[in-house]
Amino acid sequence: ALPERRRPGGGRPRYEVLRELDPEEVRWFYREDQKTWKPFIGYDSLRIERAYRALGAGGAAGTEDAEAAAEPVCVRSGLYEVDVVNAESYPVYWNQTKKIPVMRGQWFIDGTWQPLEEEESNLIEQEHLKRFKGQQLQESFVMEVSKPVERNEVVHCLKLSRSHVDWHSVDEVYLYSDGTTCKIARTVTQKLGFSKVLSSGTRLHRGYVEEATLEDKPPQTSHIVFVVHGVGQKMDQGSIIKNTTMMRDNARKVEEKYFSNFATHVEFLPVEWRSKLMLDGDTVDSITPDKVRGLRDLLNSSAMDIMYYTSPLYRDELMNGLQQELNRLYTLFCSRNPEFEEKGGKVSIVAHSLGCVITYDIMTGWSSIRLYEQLLQKKKEELEERRMSDEEQCLAEELYITKEQLREVDERFHELKASTISGPPVLKFKVENFFCMGSPLAVFLALRGVRPGNSGSQDHILPRTICNRLLNIFHPTDPVAYRLEPLILKHYSNILPIQIHWYDTANPLPYEHMKPIFINPRKEPTSVTDSESVSTTSSPNTSPVMVRRHYGESITNIGKASILGAASIGKGLGGMLFSSFGGSSAPTSQPLETGKDGAEADNKKATTVGTPPLPRSSSGFLEPMVELEHRIDFELREGLVESRLWSAVTSHTAYWSSLDVALFLLTFMHKHDQEDTDKPDLDAV
């Protein structure tokens, strides 16, 4: 369909006298990454144009209006500002070395409605007003703009540097390139009987296709999302900005398709916390061998962040860097949007990779010192439990009295120093949703001694007083991601994570209505033989077993109960922690399930990980197992033609560009929106 020129409130009179363009007819544009010019929405364009005119295009410089116009204009939902004087735009909440050029559009190319370059546009506008000002227009404002005109008579012409413009009438203006190729093509087509207009001319239009209005403005932001990067930001400092832009663009598409009638407007802000940190300076670089330097530099700029965070010396610096940036962004946003807090605006965090661990530690105030104190307490309890001689008991009583005296002195000392001693990093806001993507958080918690409990509450690992909802998103082949649910309830290692809906799935089942699906539902095994021969039939209390279509065996199954298996990994990585805390919350983890050819060398009995026997009552019937209050683990679906090896390489960074992830995020952030919608697939999540 051909575009139509539109004017809110109706068309112009048919024989309107030509005059200078109104601010509503001018449209401002911006261009990112050397791509095509993109128009500002009407609200932004009109405010920029008014500031431009107040600045003194007609001699208003020095007035109060001009000074006010020199202030930057806030655009694009408040994420950017426009410097009208220098015709450039820049982001408000993050640093960007390269400015974004902006341009004032008056004359536009037919069909694409791309603006002519501003210098040429100004020359054409001056010539047009000089030649035709005061004449009556012969076209209605509402018209088909791409209708070709077959007219050879030229009433006026303007020569430009590499082209020329022909006026056939006040309303019919054509641009011709004066390049050699275009001239030859024009000559040939005219000799064949075609008119000059139809051969190579491009019709121009004065004024944009749609007039700018202040009503064409974005909705007020009621939910902000801080996007926290993981490792590798030192290697590519702009990556979190690009990734957040991809996520934001995908969210806009999803909002237009599924949430256009919702009152909640979600805005995504990148949190770049790494580049400002000094850490060890260049010490690590100076001790890096020169051989395969490129690979070593790559590792130093990415994986080294994990080593920094496990170091007691630098861990606090990383935590403080992220905490300060989160608070800075929140304070800045609230200062520019004073009604956000008044109207109950919400804050969520989307974190990736190591960023999930650092964010979690900031929210919970976790400290390695606390872990050390727990270890000392455990050793103390072990010593107290063993039988003591009379002499040891006497010394223990004296030690107890001395410790009590020391504790009293220590409390008084801390009271005096309370004003100067800084506590753990504190956020200035409560987190509504904490989305982890490709997160190793679970294995960090396992190495800190966290074990499954008996309650299905999220509070076991993240109290809801700190964060209302925790959601763990991962791709099944992501080598960095781990499951969280088996850390809360052990038997969830035998329950599949919920699969995230495709973006274009018609009427998907709401996530809260999905029943647990067992990986290997089975009766209580009485022996190794029974355990191996049990058939994978559906449990009477659950949905049927999910059959993986693509690889024959679930990737999730390969690392079944990754967290419970982390105990085995911990023998090499953190055996001391596991031996110290292994019995604090749950029994020692079981060995990993072996494959068909993976019999144990020592011929010991191997119990399948994550498939504990179902509890039975005295009457012999199965007792219902405890379920989670809310599901936490959500798995992206594997592609139909996805290569396992290639996917393992790319899956850790695939979340940013996924429309499935964008829909998932918005589904939970719009969950409590009070507006009714007629979309049955999204009314409950």
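The values are calculated or read from the model by the stated rules, or taken from the named source; none is laboratory data. Everything numeric here is computed off the predicted structure, so don't read it as measured data. Counting neighbours? That spans all protein chains shown, and the Cβs are built from the backbone with ideal geometry, glycine included. Heads up: the accessible areas ignore ligands, DNA and RNA and are worked out on the full protein's heavy atoms, side chains in. Shrake-Rupley method; radii C 1.70, N 1.55, O 1.52, S 1.80 Å.
Here are a few things to note about the model shown:
- Enumerated strands (runs of 3 or more DSSP E) restricted to segment 74-137, each holding at least 2 residues that are crowded, with 19+ Cβ neighbours inside 10 Å and of a type in the set (A, V, I, L, M, F, W, C): 107-109
- Count - residues of segment 511-532 that are open to solvent by 20 Å² or more (accessible area, probe 1.4 Å), part of a loop (DSSP other than H, G, I, E, B) and at pLDDT 90 or above: 3
- Segment 465-478 residues that are touching a residue at least 12 places away in the same chain (Cβ under 8 Å) and open to solvent by 20 Å² or more (accessible area, probe 1.4 Å), paired with ones that are of a type outside the set (Ser, Thr, Tyr) and outside any strand (DSSP E or B) (beta carbon under 6 Å, 6 or more apart): Ile466/Met363
- Taking the numbered list (1) touching a Gly at 6+ places or on another chain (Cβ under 9 Å); (2) at pLDDT below 90 in turn, Pro680 passes all entries but (1).
- All told, Ala60 falls short of being more than 14 Å from Glu211 (Cα to Cα), at pLDDT below 90, in contact with a Gly (Cβ under 6 Å, 6 or more places away or on another chain) and surrounded by 14 or more Cβ atoms within 10 Å (Cβ to Cβ).
- Of the criteria (1) on the phi < 0 side of the Ramachandran plot; (2) surrounded by fewer than 15 Cβ atoms within 10 Å (Cβ to Cβ); (3) modelled with pLDDT of 65 or more; (4) not in a helix (DSSP H, G or I), which one Phe194 fails: (3)
- Residue check for Glu642: open to solvent by 10 Å² or more (accessible area, probe 1.4 Å), under 20 Å from Met437 (Cβ atoms), modelled with pLDDT under 65 and assigned to a loop (DSSP other than H, G, I, E, B): yes
- Qualifying positions in segment 383-401 - at pLDDT below 70 and open to solvent by less than 90 Å² (accessible area, probe 1.4 Å): Met388
Here is a yes/no grid of residues against (1) in the same structural domain as Val85 (by the TED database); (2) part of a loop (DSSP other than H, G, I, E, B); (3) closer than 17 Å to Phe108 by Cβ; (4) modelled with pLDDT under 90:
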{"position": "Gly10", "(1), (2), (3), (4)": "no, yes, no, yes"}
{"position": "Pro13", "(1), (2), (3), (4)": "no, yes, no, yes"}
{"position": "Trp28", "(1), (2), (3), (4)": "yes, no, yes, no"}
{"position": "Asp33", "(1), (2), (3), (4)": "yes, yes, no, yes"}
{"position": "Ser45", "(1), (2), (3), (4)": "yes, no, yes, no"}
{"position": "Glu49", "(1), (2), (3), (4)": "yes, no, yes, no"}
{"position": "Arg53", "(1), (2), (3), (4)": "yes, no, no, no"}
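- Of all residues in segment 470-505, those satisfying the criterion of being of a type in the set (Val, Ile, Thr) and not in a helix (DSSP H, G or I) are Ile473, Thr477, Val480, Ile495, Ile498, Ile500, Thr505.
- Top-ranked residue in segment 352-365 [being touching a residue at least 60 places away in the same chain (Cβ under 8 Å) and out of contact with any strand residue (DSSP E or B) (no Cβ under 8 Å at 6 or more places or on another chain); ranked as farthest from Lys430 (Cα to Cα)]: Leu354
- Of the residues Leu445, Leu462, Leu484, Leu470, the single one that is assigned by the TED database to the domain that holds Glu635, over 23 Å from the mean Cα position of the chain (by Cα) and either under 13 Å from His630 (Cα atoms) or of a type outside the set (Gly, Ala, Ser) (or both) is Leu445.
- Any hit, segment 224-236, residues being closer than 23 Å to Leu665 by Cβ, open to solvent by less than 60 Å² (accessible area, probe 1.4 Å) and either in a helix (DSSP H, G or I) or modelled with pLDDT under 70 (or both): yes
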